[in-house]
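A short worksheet on the structure shown next.
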Amino acid sequence: FINDIVGSTCTMVARLFRQHAIMPEPSIALCMASGIISDTLFLQSPTTTEVDRDILAWLRHYVTVDLDAYARDFFAEGSTLSISSPEEILASDRKTYKENDWIISISQAEELGMERFWERKDDLFQALEDHIQSSQDDFACLMITDISTQSSYLLTAGEPNIIENIDYPAVERHLFDLPGIVSRKKQLLPQLMWILNRVHS
C-alpha cells in the first residue's frame, strides 16, 4: 500500500519504474504520461506536485511523441460534451458528499474551450434538475473546466438556500463564473462545505 500526496496515481506507478531502473516501453510510458496529463490538467491543477512534474519530465525521454502537442489533442479529443448525453456527462465524474445533514453531488467535465458547453447548457441544466428529482441529493452541480483558460463555470440545481449563498459571480440564476478555479477537491469543495455549514437543512 502506497499513500502519497501526488496529483496522479500514474505518478506513483512511473516512480516505481524509475526506482527499479525499469525503462518503460514507449506505449507504457505514454499511458502513464496520459494519466498524469489528465489528472493534473497537464500540470496546471492546484493538485499538481513537484513529484508529478519530475516524473512527467522523466517520461518524456521514453515516449515517441511531443507531449505538449499530444496534451492539446488529448483534451480536444476527450470532450465528453461532444460525445455523451447530459446524463452520461453528469455521471461520468460525479462525487457525492454529506455535510451538516445535506447531501450534494459535484460533477466535473474538462473542455478545451467553452463552445460546446454553451450549446448544451439548457440540456445539462435539465439533467441536473432530473437528477435532483430522482436522487436523495439536496443540491447538484456541474463544474465545466476550460483547460485553455484555467477557469470554470458552475451549473447548479436543487436547494435554493445553497444556490443563493454561492458567492461566485452569477452569470445567470443557476450559473456561476469561477475564474481561476479548476480543482473540485481543493478549490470548489471547501467553498461549498462552508456554505453547507451556514445554511440549515
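The values are calculated or read from the model by the stated rules, or taken from the named source; none is laboratory data. As the structure is a computational prediction, the values presented were derived from the model and not from experiment. Don't worry about glycine lacking a Cβ; one is built from the backbone with ideal geometry, like all the others, and counts go over all protein chains shown. SASA here: full protein model, heavy atoms, side chains in, ligands and nucleic acids out. Shrake-Rupley method; radii C 1.70, N 1.55, O 1.52, S 1.80 Å.
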| field | Any chance residue 89 is within 15 Å of the chain's Cα centre (by Cα), modelled with pLDDT of 95 or more and in a helix (DSSP H, G or I) | value | yes
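Condition check ((1) modelled with pLDDT under 95; (2) within 18 Å of residue 99 (Cα to Cα); (3) acidic (Asp, Glu); (4) surrounded by fewer than 21 Cβ atoms within 10 Å (Cβ to Cβ)) across all residues:
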site: 139; (1), (2), (3), (4): no, yes, no, no
site: 142; (1), (2), (3), (4): no, no, no, no
site: 190; (1), (2), (3), (4): no, yes, no, yes
site: 193; (1), (2), (3), (4): no, yes, no, yes
| field | Filter result for residue 162 (open to solvent by less than 20 Å² (accessible area, probe 1.4 Å), touching a residue at least 24 places away in the same chain (Cβ under 8 Å) and more than 16 Å from residue 93 (Cα to Cα)) | value | yes
| remark: Matching residues in the stretch 47-67 (in contact (Cβ under 8 Å) with a residue 60 or more places away in the chain and either more than 27 Å from residue 113 (Cα to Cα) or open to solvent by 50 Å² or more (accessible area, probe 1.4 Å) (or both)) number 0
| remark: When the stretch 72-102 is checked residue by residue, the ones that are acidic (Asp, Glu), closer than 24 Å to residue 35 by Cα and open to solvent by 80 Å² or more (accessible area, probe 1.4 Å) are 73, 77, 88
| message | Could you tell me how many of the residues in the stretch 36-59 are modelled with pLDDT of 90 or more and not in a helix (DSSP H, G or I)? | response | 5
| said: Within the stretch 135-171, take every residue that is of a type in the set (A, V, I, L, M, F, W, C) and over 20 Å from the mean Cα position of the chain (by Cα) and give me the one that is farthest from residue 79 (Cα to Cα). | reply: 162
| If you go through the stretch 165-178 one residue at a time, do you hit one that is free of Cβ contacts under 8 Å to residues at least 24 places away in the same chain, buried (at least 16 other Cβ atoms within 10 Å of the Cβ) and touching a strand residue (DSSP E or B) at 6+ places or on another chain (Cβ under 7 Å)? | yes
| request: Kindly check whether there is at least one residue in the stretch 106-128 that is over 15 Å from residue 184 (Cα atoms) and β-branched (Val, Ile, Thr). | output: no
